[in-house]
Amino acid sequence: MEMKELNVDVVCNTLNQIMEYELAGVVRYTHSSLMVTGPYRLPIVGFLKEQASESLLHAQQAGELIVGLDGHPSLKIAKIEETHRHTIKDILEEALEHELHALSLYKELLSSVADASVYLEEYARGLIGQEEQHSLELKAMLKDFGSA
């Protein structure tokens, strides 16, 4: 297989978008964890806090890759919409929407590094797998609400 040239500018731009979006995920999941009420509060709060921690890790990983490619990590955080809807169903639906958008960013990264960097391909594939897993978990959690 012939390797193509890695477009570092495109890759760093996509990684910065990922970093900004994952940092927004930290804020979104932290906020959501504070808004959960009702009898299922504890397990859902635990799940959301876990997602916030993982989003921070993902942002840090993207930032490290940017630095490794001689890029400059962004100081921005992606826009977060406050819907003022805080039922468990709403929170889980917003989380699913967030995960699906993150999945699209990692797929965009994969397409820009395919056949140019095995390491970045493996990184993107691994994160795509994690985001797909989170989407499936959220869909399963939403089944009792008739939304999945």
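The table for this structure:
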item: Enumerated helices (runs of 4 or more DSSP H) restricted to segment 41-148, each holding at least 3 residues that are hydroxyl-bearing (Ser, Thr, Tyr); result: 88-113, 118-142
item: Answer residue from segment 118-127, given it is within 24 Å of residue 2 (Cα to Cα) and in contact with a helix residue (DSSP H, G or I) (Cβ under 8 Å, 6 or more places away or on another chain) and is surrounded by the most Cβ atoms within 10 Å (Cβ to Cβ) among those; result: 124
item: Any chance residue 29 is within 20 Å of residue 125 (Cα to Cα), within 13 Å of the chain's Cα centre (by Cα), crowded, with 16+ Cβ neighbours inside 10 Å and in contact (Cβ under 8 Å) with a residue 24 or more places away in the chain; result: no
item: Residue within segment 103-110 that is surrounded by fewer than 19 Cβ atoms within 10 Å (Cβ to Cβ) and either at pLDDT below 95 or basic (Lys, Arg) (or both) present; result: yes
item: Residue satisfying all of: in segment 72-102; touching a residue at least 40 places away in the same chain (Cβ under 8 Å) and of a type in the set (Val, Ile, Thr); surrounded by the most Cβ atoms within 10 Å (Cβ to Cβ) among these; result: 91
item: Any hit, segment 74-87, residues being of a type in the set (Ser, Thr, Tyr), over 25 Å from residue 126 (Cβ atoms) and out of contact with any Lys or Arg (no Cβ under 8 Å at 6 or more places or on another chain); result: yes
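The values are calculated or read from the model by the stated rules, or taken from the named source; none is laboratory data. Model, not experiment: these values are computed from the prediction. Here the Cβ is made from the backbone with ideal geometry for all residues, glycine too, and neighbour counts use every protein chain on show.
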